[in-house]
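Some notes on the structure that comes next.
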Amino acid sequence: LFALPFPLARPAAAAVFIQAALRGWGLRLLPTAFPAARRNPVSPRGRWKNENLAENRRRRLMRDLGIKREVLPDGRERWYGCGKDTARCFGTVHARTPQYLLAGRWTPPCCLRALRETARHVAETLEAAGVRYWLEGGSLLGAARLGDIIPWDYDVDLGIYREDLGKCRWLAAAAAGEAVEDAEGFLWEKAPEGEFYRVHYSRSNRLHVDLWPFYPRGGVMTKDTWLGHPQDVEFPERFLRPRVPMAFAGFTAMAPNNARAFLELKFGPGAIEKPEYPNPEVKR
């Protein structure tokens, strides 16, 4: 028992059960095996204080154990991870490899939830403004592979037509150098790394969607900022004529009309069937 990382954490039953289950230990918890001492009736205020203390202990336990989501017996969910008013669950990404991958984990479920919300919001905003966009890079790969964000990804990539920038008030403001918060609390800004844009989940939580402005040149779509990613290549505009709907992250997004050919142009043959971490030299 004392080999557990938190052997005396409270609430004791939940702490022992979670840590043992992660190690594959079989055990039966009998929380009522030892009767509690008889006490005087608790006042309503005392009962509220006890409930509040138990809730705080449970939240602290979940934080210490790194648990982000709990599914209750009745099917409801409780979340303990990041939100709009907190920082995201991981720090700076080095060599396209987030720290959770190095720790042997995939994207925390709260971060995936925030990315899905941000992607849906951005897509709906662009569509309402008449900005032509499409799923790009790893996000298109996730859509083609499983209709969702890749389970270890840390952002969402969308391509847009550069000439449509002025149609969206938030993008226009970002292009003018302003970092602007929209009515839903999402933060739009120009990326410091080059000529593209970011929409963050909030000012506090920097989970984001990258918007890459492409423009046609002799029938080929190109852009002004290249960061050396595998998908950083030009492509024929015919892939966008027309764009087609595609299931992604719980909503319908627009995508190139031949996702397989588009992805194999960018990532190589068999890209959809061969999952790979962002930087295989760092983490396989």
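Here are some notes:
- Fraction of the pair-distance distribution of the stretch 111-278 above 29 Å, Cα-Cα pairs, percent: 11 percent
- 0 to 90° range, to nearest 10: angle between helix 109-129 axis and the chain longest Cα axis: 40 degrees
- Unit charges at the beta carbon, dipole of the chain: most positive-side option, Thr222, Pro280, Leu4: Leu4
- Rg ratio for the chain: its Cα radius of gyration over 2.2 N^0.38 Å, N being its residue count, equals 1.25.
- The residues of the chain expose on average 55 square angstrom of accessible surface per residue, using a 1.4 Å probe on protein heavy atoms.
- Amide H contacts for Ala191 (H built 1.01 Å from N in the peptide plane; partners 5 or more residues away or on another chain; cut-off under 5 Å): Phe196, Tyr197, Arg198.
- Taking the DSSP beta bridges with both ends in the chain, the antiparallel portion is around 80 percent.
- Unit charges at the beta carbon, dipole of the chain: most positive-side option, Cys82, Ala128, Ala37: Ala37
- Lys283, Lys274, ranked by accessible area, largest first (probe 1.4 Å): Lys274, Lys283
- Computed accessible area, His208, all protein chains, 1.4 angstrom probe, square angstrom: 20 Å²
- Counting lysine pairs in the chain that sit 8 or more residues apart in sequence, or on different chains, and whose Cα atoms lie under 28 Å apart gives 15.
- At R0 = 51 Å, FRET efficiency that the Cβ-Cβ distance of Glu264 and Phe6 yields, to 0.05: 0.60
- Largest first, the residues Lys190, Lys223 sort by 1.4 Å accessible area into Lys190, Lys223.
- Measuring only protein heavy atoms, the 1.4 Å probe finds Glu281 accessible over about 150 Å².
- Note on the chain: with neighbouring protein chains present and a 1.4 Å probe, carbon and sulfur make up 52 percent of its accessible heavy-atom surface.
- Among Asn258, Asn205, Asn56: highest mean-square fluctuation, GNM of the chain, C-alpha pairs under 10 Å: Asn56
- Computed magnitude of the charge dipole of the chain (debye, nearest 20; Cβ of K, R +1, Cβ of D, E -1): 1780 debye
- Among Gly218, Gly137, Gly75, residue whose mean-square fluctuation peaks in a GNM of the chain (springs only between Cα atoms under 10 Å): Gly75
- Point-charge dipole on Cβ atoms (K/R +1, D/E -1) for the stretch 83-142, about Cα centre, debye to 20: 200 debye
- Inter-probe distance in nm under a simple model that places probes 7 Å from Cα toward Cβ, at Asp232 and Arg47: 6.3 nm
- Comparing mean-square fluctuations of Arg76, Arg58, Arg38 from a GNM of the chain with C-alpha springs under 10 Å, the top value falls on Arg38.
- Largest-first principal axis extents of the Cα set of the stretch 61-135 (Å): 47, 39, 21
The values are calculated or read from the model by the stated rules, or taken from the named source; none is laboratory data. Not measured: the values here are computed from a predicted model. Glycine gets a Cβ as well: all are built from the backbone with ideal geometry, and neighbour counts include every protein chain shown. These area figures cover heavy atoms from the full protein model, side chains too; ligands, DNA and RNA do not enter into them. Shrake-Rupley method; radii C 1.70, N 1.55, O 1.52, S 1.80 Å.
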